[in-house]
Amino acid sequence: MLAGTTDGELHGSDATRCLIAPGFATLAGMTSIIPPPASPSLPIIGSDLRFPIRRVFCIGRNYAEHAREMGASVDKSAPMFFCKPADAVVSDGADVPYPQATADLHHEVEMVVALGSGGSDLTPEQAGALVWGYGVGLDLTRRDLQAQAKAKGHPWDVAKAFDHSAPVSALRPASERTPDAATVLRLSVNGQLRQQTRLGEMVHSVPEIIAALSRLFALKPGDLIFTGTPAGVAALQRGDRFDAELEGMARLQGKIV
Ligand code: MN
C-alpha cells in the first residue's frame, strides 16, 4: 500500500483515478447549471494514478539570501504565508503562457511538498507524517505587481495567484525516497544556471512549515506546499526554456510561450 492511503482504495472515475479522495466533492448525480470545473491533479512518478490537488500554500522568505536580495529580513518566529488557487497549477510539463498585466515575470524555483493526510494545531514532530510526496515547482511571480502591492500595503494575490502561476513536476512518493539537507534544488533557464541551493539552507524545515500552517488552517489530503525559493530570482521571457530539479527526486522542464 502506498503511503498516505488509509484503506488502499482508489477514488474517482476510471478516467482520472486518484490515490486519495479529491479535495472537493464531485457533482456526480446532480445537475449543475454550468459545467463543473475540472479537478486539478498531478502525475505520480512510477504510477498511472494522479494526485488530486486541494489547496496550494506557499511560504515566503524561507532562504536568508533570497530575503536579502528582496530587501527583506527573515523572522524565524513568524513565517509568512500566501496561497495560490489549485487551478493555477500547470501539470505534465505543459507550456506556460506569459501572463497578462506584467512586464516582469520572475521565476522562483521551490521544493513542493504534497500532503497525504491532514490535521490542525500539529507539532513539528507530528507534522512530518503528513507528507505524501515531493516535487519541484516554480512560484511564478509578477514582480512589478508585487512591488506595487508591497509599496501600498496591499495583498499579494495579483502578484502571486494568477492563472498558470504554479508549474509543478510529477510527484515522488515519500515512501520511495526523501530529500535531506544535502539535496540540491536548482533551476536553469536556456541552459544557464539561475538558482541553486541545498535544502539545508531553508530557514523553516518542512515539519516546521506544516506545523505553522496547521495552526492557521485545517490541512487536508491533497494540499500542496511551496517551501520557498533560494537567491537568484530573475525575469523570464517568452521563448525561455526552464529546467528545474530537486536532485534525485523530481524534474520539471517547460517553456514560456
Ligand atoms: Mn516563492
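Numbers at a glance
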| quantity | calculated |
| --- | --- |
| Test: residue in region 132-143 that is of a type in the set (S, T, N, Q), touching a strand residue (DSSP E or B) at 6+ places or on another chain (Cβ under 9 Å) and within 14 Å of the ligand (Cβ to nearest atom) | yes |
| Residue identified as basic (Lys, Arg) and surrounded by 14 or more Cβ atoms within 10 Å (Cβ to Cβ) among ARG215, ARG241, ARG198 | ARG198 |
| Filter result (away from the ligand (no atom under 16 Å from the Cβ) and at pLDDT below 95) within region 34-72 | ILE34, PRO35, PRO36, PRO37, ALA38, SER39 |
| Criterion: under 19 Å from the mean Cα position of the chain (by Cα) and closer than 24 Å to LEU213 by Cα - qualifying residue of ARG55, ARG68, ARG50 | ARG55 |
| Among the residues listed as ALA101, ALA94, the single one being small (Gly, Ala, Ser), touching a helix residue (DSSP H, G or I) at 6+ places or on another chain (Cβ under 8 Å) and surrounded by fewer than 19 Cβ atoms within 10 Å (Cβ to Cβ) | ALA101 |
| Matching option when the condition is within 18 Å of MET70 (Cβ to Cβ) and among the basic types (Lys, Arg), among ARG194, ARG238 | ARG194 |
| Output for region 144-165, where each listed residue is charged (D, E, K, R) and away from the ligand (no atom under 11 Å from the Cβ) | ASP144, LYS150, LYS152, ASP157, ASP163 |
| Yes/no for VAL189 being at pLDDT 95 or above, farther than 25 Å from ALA86 by Cβ, surrounded by fewer than 23 Cβ atoms within 10 Å (Cβ to Cβ) and more than 13 Å from the ligand (Cβ to nearest atom) | yes |
| Lone qualifier among ASP92, ASP87, ASP48 - being more than 24 Å from GLN148 (Cα to Cα) and assigned to a helix (DSSP H, G or I) | ASP87 |
| Selection from region 168-186 of residues that are in a strand (DSSP E or B) and surrounded by 21 or more Cβ atoms within 10 Å (Cβ to Cβ) | VAL168, LEU171, ARG172, PRO173, LEU185 |
| Contacts under 8 angstrom Cβ, first residue in region 72-94 being touching a residue at least 40 places away in the same chain (Cβ under 8 Å), partner in a strand (DSSP E or B) and surrounded by fewer than 16 Cβ atoms within 10 Å (Cβ to Cβ), 6 or more apart | GLY93/GLN253 |
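The values are calculated or read from the model by the stated rules, or taken from the named source; none is laboratory data. Everything quoted here is computed from the prediction, not taken from an experiment. Counting neighbours? That spans all protein chains shown, and the Cβs are built from the backbone with ideal geometry, glycine included.
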